[in-house]
Amino acid sequence: MIDEALEHLIKGIVDHPSDVVVSEKNGRRGLTYEVRVHPEDIGKVIGRAGRTAKALRTVASALARRPIRVDLLEADE
Amino acid sequence: MSEKSLIARLEEEGDRGADYLEALLDIADLPGDIDIDVENDRAALAIVGGELTHLIGDEGQVLEALQELTRMAVQRETGERSRLMLDIEGFRAKKKDELRALAESTAEEVKKSGVSVALKPMNAFERKVIHDAIGELGLSSESEGEEPERYIVVLPA
């Protein structure tokens, strides 16, 4: 559910929604969601001083009811 | 866009924001009704569901984050910056009442003593409520300090 929620939240704010891919990783740092966006959208999803990235993490953690990591990456060319 | 009336534009903002949030509630399987309104020249959305307190968070940080994302989603659709306000389970409405009461007691204290009083640091929404209330009470106030420690000083008339 968190991956779907993140995908929806991010698709709604970027210019290239069809390039948004979210994958779930359960690693040693706990539950992490890896988000790939079009290179032109990376600035938008991070935001000024990381504000948007923080908002995404805050909402995703609230939905998961525990702290989770969200990694924002540029999609491979 | 400029031909459209302000109200029509704000209603459209509210509709777009509500669509974004409604889809999120569906994905998370959370029940909630979204009320769309226009208040003080801003689109205002209020979600009431009964079990959404985790979407408010301590001190409302989750609510602020959701509002920020909703504004961005609206801006992408309309091409214009949005100042939409979001409330969940009446959190902001209740907070406003508390802040107005604080403004009243502080104004009384300042009027009596003639000395300015500094309040604790508050976020932009909280400061706006205090500034508006202090103005209505016939005093003036200023914000000082840097975010997130920015705070209001209530000044004697």
| query | Nearest 0.05, what FRET efficiency do B:Glu98 and A:Arg51 give at R0 = 22 Å with Cβ-Cβ as r? | reply | 0.25
| query | Using a Förster distance of 22 Å, how high is the FRET efficiency between B:Asp58 and B:Ser140, based on the Cβ-Cβ distance and rounded to 0.05? | reply | 0.10
| Which whole number gives the average, over all residues in B:56-65, of C-beta atoms from other chains lying within 10 Å of the residue C-beta? | 3
| task | Could you tell me which of the pairs A:Lys54/B:Lys4; A:Lys44/B:Lys128; B:Lys95/B:Lys120; B:Lys94/B:Lys120 are separated by over 25 angstrom between their Cα atoms in the structure shown? | result | A:Lys54/B:Lys4; A:Lys44/B:Lys128
| message | As I understand it, the value is the acute angle between the Cα axis of helix B:61-78 and the longest principal axis of the Cα atoms of chain B; what does it come to in degrees, rounded to 10? | response | 60
| field | Bins of 10 Å from zero: percent of alpha-carbon pairs in segment A:1-76 | value | 21, 58, 21, 0
| note | From fewest to most C-beta neighbours within 10 Å, the residues A:Arg65, A:Arg57 line up as A:Arg65, A:Arg57
| message | Take A:Ala75 and B:Asp33, extend 7 Å from each Cα along the Cα→Cβ direction, and tell me the distance between the two endpoints in nm. | response | 4.0
| task | Could you pull out the GluC sites (Glu not before Pro) across segment B:2-81 that fall in loop regions by DSSP (anything but H, G, I, E, B) with no more than 16 other Cβ atoms inside 10 Å? | result | B:Glu3, B:Glu51, B:Glu80
| Angle, helix B:6-27 long axis vs. longest principal axis of chain B, Cα atoms, 0 to 90°, nearest 10? | 70
| field | Rounded tilt (10° steps) of A:51-64 against the dominant C-alpha axis of chain A | value | 40
| Dipole size in debye (nearest 20) for chain A around its Cα centre, Lys and Arg Cβ +1, Asp and Glu Cβ -1? | 720
| field | Number of partner chain Cβ atoms within 10 Å, mean per residue of B:24-31 | value | 4
| Charge dipole (debye, nearest 20) of the protein assembly as shown; +1 at Cβ of Lys and Arg, -1 at Cβ of Asp and Glu | 860
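Computed from the coordinates by the stated procedures, all read-outs in this text should not be read as laboratory data. On a predicted model such as this, the values are computed, not experimentally measured, just so you know. All Cβ positions, glycine included, derive from the backbone under ideal geometry; neighbour counts span all protein chains shown.
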